[in-house]
Amino acid sequence: MAAFSQHEKLVRLHAVILKEREHAKALAIEEMVAAAAEKEELLLALDRAEAISPKDRPLAEKIRAENRRNAYLFWAALSWVRESMAFFGKQAAPAAYSAEGRFIKARSGGGILSGKI
């Protein structure tokens, strides 16, 4: 990555962030993970000591906005998965009884989260 200029790295980073979002929307997990790894590599390759040139500032702002948009998408998806798992955990939790025959309130998660289904 060192052979590329800062502008070229920023252009590539922008493209990778957009690609990462498309993979996430398509639930293409392997491709999304590969895009995230490439994004991390690009971020590490950008020279922090080198100031962003005035001509690259709009692109840098666009990258920041797109990355925040992706972060919100991932946060919302994670919240949805957590809510879904909590809902199904409550639905799938079987009745449990102690050795004395008393009802025990089952923990959330049930068979779905434990992998016993």
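The values are calculated or read from the model by the stated rules, or taken from the named source; none is laboratory data. As the structure is a prediction and not an experimental result, all values here were calculated from the model. Don't worry about glycine lacking a Cβ; one is built from the backbone with ideal geometry, like all the others, and counts go over all protein chains shown.
Report, by residue number, each residue of segment 42-77 that is part of a loop (DSSP other than H, G, I, E, B) and not polar (S, T, N, Q). Let's see the steps before the verdict.
Step one: of segment 42-77, the residues part of a loop (DSSP other than H, G, I, E, B) are 46-56.
Scanning segment 42-77 gives LEU46, ASP47, ARG48, ALA49, GLU50, ALA51, ILE52, PRO54, LYS55, ASP56.
Could you list, in sequence order, all residues of segment 1-22 that are assigned to a helix (DSSP H, G or I) and not charged (D, E, K, R)? I'd like the intermediate steps shown before the answer.
Narrowing segment 1-22 to residues assigned to a helix (DSSP H, G or I): 6-22.
Answer for segment 1-22, where residues must be assigned to a helix (DSSP H, G or I) and not charged (D, E, K, R): GLN6, HIS7, LEU10, VAL11, LEU13, HIS14, ALA15, VAL16, ILE17, LEU18.
Being surrounded by 10 or more Cβ atoms within 10 Å (Cβ to Cβ), more than 16 Å from LYS19 (Cβ to Cβ) and of a type in the set (Asp, Glu) is the filter here; which residues of segment 48-67 pass it?
ASP56, GLU61
Looking at (1) modelled with pLDDT of 80 or more; (2) surrounded by 10 or more Cβ atoms within 10 Å (Cβ to Cβ), which is the only condition LYS90 fails?
All conditions are met except number (1).
What are the residues in segment 23-41 that are surrounded by 13 or more Cβ atoms within 10 Å (Cβ to Cβ), under 13 Å from the mean Cα position of the chain (by Cα) and not in a loop (DSSP other than H, G, I, E, B), if any?
Selection gives HIS23, ALA24, GLU31, MET32, ALA34, ALA35, ALA36, LYS39.
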